[in-house]
Amino acid sequence: MVLEDDMDRLMSRVAMADRQAFAKLYTHTAPALFAVALQVLKTDAEAEEVLQEVYLRVWQRAGQYRGDGLAPMAWLISLTRDAAVDKRRTDTHSGGHPPLPDEGAFEQDAGLRGAQSEAALRFRQCLSKLPGDHATALRRAYLHGAGYAALAEPTGRAAGDLRNGLGQSLKQLKVCLGG
Amino acid sequence: MTVQRGGNTPDVKGTMAAEYVLGLLDEAERAAFEAQLRVDADLEQDVAAWRTYFATFADDLEEIPPPPQLWRRIEAAAFGGEKRKPLWQILWPYAAGAVLASACTFAAFYFDLLTFAPTP
């Protein structure tokens, strides 16, 4: 993993079609993005397709992340996560329903390895104040692309109830995060 | 805020942005939200903020290096249209030019085209 500053510079060079910078960006970020894609998709082949799509988009539109208002790594993770979820949904419509991966309860200190950004620490703190298993539900929705129905299933509650509950938690989260 | 949640629960702007980022809106809600997003800079900021926070969920994941052939595929797809040409393809226009120039010079001398009228 490279520092955000270096990532910024790297992205600017990629935006100017610098092939070496693109290769370096790939080397530094692909293992993290592959892990993200594999959370959502069940086979390596599907995850590879998603990564290829994401990096081609980055090569063609590296300048865009500023416009989207995100730091480079958050932008890359967002692109990958969204592309993987889209792929999963399209494939689900045409084929079998891939089961969601097993997910243990959200662990508050699971991410305390390595350097954490300020945003990550604040987010984690605010998540830990949410009632019940709402932090886990949000994590599953993001990392696995689980919808309300899939999230509600193991709890035995109706999807609508879960939505109302999560809505309250999101409000609380927003206040806690300062806006 | 003009976007309404399904049913009659009034939307809370910030949480609908979160649901949008998480992919939890149904199709109609998503379309309505995206229409609002195009004209509402505040909403766009909310979306960016949620994306930033939710992306930190990925911090916990153990990195997994993709297979080496993936980079080769990406490289080929990204740079494929502008592959390096073989040397003869780069040089042939120059070679053709040189041949043509020689031919002209030869013709000029051979047919005596360069003889000037003797100065009086």
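We did not get these values from a lab; they are worked out from the coordinates using the rules stated. None of the values given here were measured: they were computed from a predicted structure. Cβ: placed from backbone, ideal geometry, glycine included. Neighbour counts: every protein chain shown.
Quick one: net charge around B:L22, please, counting Lys, Arg +1 and Asp, Glu -1 for every other residue with C-beta under 12 Å from its C-beta.
Here the charged neighbours net out to +4.
Could you work out how far apart the two model spin labels at A:Q20 and B:L113 are, taking each label as a point 7 Å from the Cα in the direction of the beta carbon, and quote it in nm?
Taking the two extended label points, one gets 4.8 nm.
For a test of the definition: using alpha carbon positions, the gyration tensor, and the 1.5 limit on a/c, classify region A:4-94 as rounded, prolate or oblate.
prolate
Between A:Q172 and A:A119, what is the spin-label point distance in nm, taking each point 7 Å from the Cα along the Cα→C-beta axis?
Each label point lies 7 Å from its Cα, and together they span 2.4 nm.
What are the semi-axes of the equivalent ellipsoid for region A:118-176, taken as the square roots of 5 times the Cα gyration tensor eigenvalues, largest first, in whole Å?
Semi-axes from the Cα gyration tensor: 21, 13, 9 Å.
With r as the distance between the Cβ atoms of B:Q45 and A:S128 and R0 = 35 Å, compute the FRET efficiency 1/(1 + (r/R0)^6) and round to 0.05.
So the FRET efficiency works out to roughly 0.90.
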